[in-house]
Amino acid sequence: MKNLGTHLRKAVLALAAAGLFASQAIALPVIEPSVDQPVVLAAGDCYAIGQQVAAQNGGTLAKASQSTRGGQPVCVIVVLVPGKDGQRPRRSEIIVPMG
């Protein structure tokens, strides 16, 4: 009898979880692509800018992300510049305005 209760409890939990996932899947809005709305790839732009900045500084790109500073869109670029005399690389954060 104890075994039956355990199996029944597991089955009820599994059904509840399946119902939760199904209800959320149904509730998701369907967005159809539209030609009227242009796609802006800002993160890709920041990555390309980051690659250039890293090359100019003789380092490697660690991170490139878009942010807003002073109401203006900017790329926040993090470059790892090799240290001198075998020291560890130093982290340099560079803000580049998007434009």
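The values are calculated or read from the model by the stated rules, or taken from the named source; none is laboratory data. On a predicted model such as this, the values are computed, not experimentally measured, just so you know. Every residue, glycine as well, gets a Cβ built from its backbone with ideal geometry; the counts of neighbours run over all protein chains shown. Only protein heavy atoms, including side chains, enter the accessible area calculation; ligands, DNA and RNA are left aside. Shrake-Rupley method; radii C 1.70, N 1.55, O 1.52, S 1.80 Å.
Observations on the structure shown:
Results for (1) at pLDDT 95 or above; (2) not small (G, A, S), shown as yes or no for each residue.
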| site | (1), (2) |
| --- | --- |
| L4 | no, yes |
| K10 | no, yes |
| A14 | no, no |
| A22 | no, no |
| E32 | no, yes |
| G44 | no, no |
| I77 | yes, yes |
| P82 | no, yes |
| P89 | no, yes |
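- Being open to solvent by less than 90 Å² (accessible area, probe 1.4 Å) and modelled with pLDDT under 95 is a description that does not apply to P38.
- Selection within the range 82-94 - part of a strand (DSSP E or B) and either of a type in the set (K, R) or touching a helix residue (DSSP H, G or I) at 6+ places or on another chain (Cβ under 6 Å) (or both): R90, R91, I94
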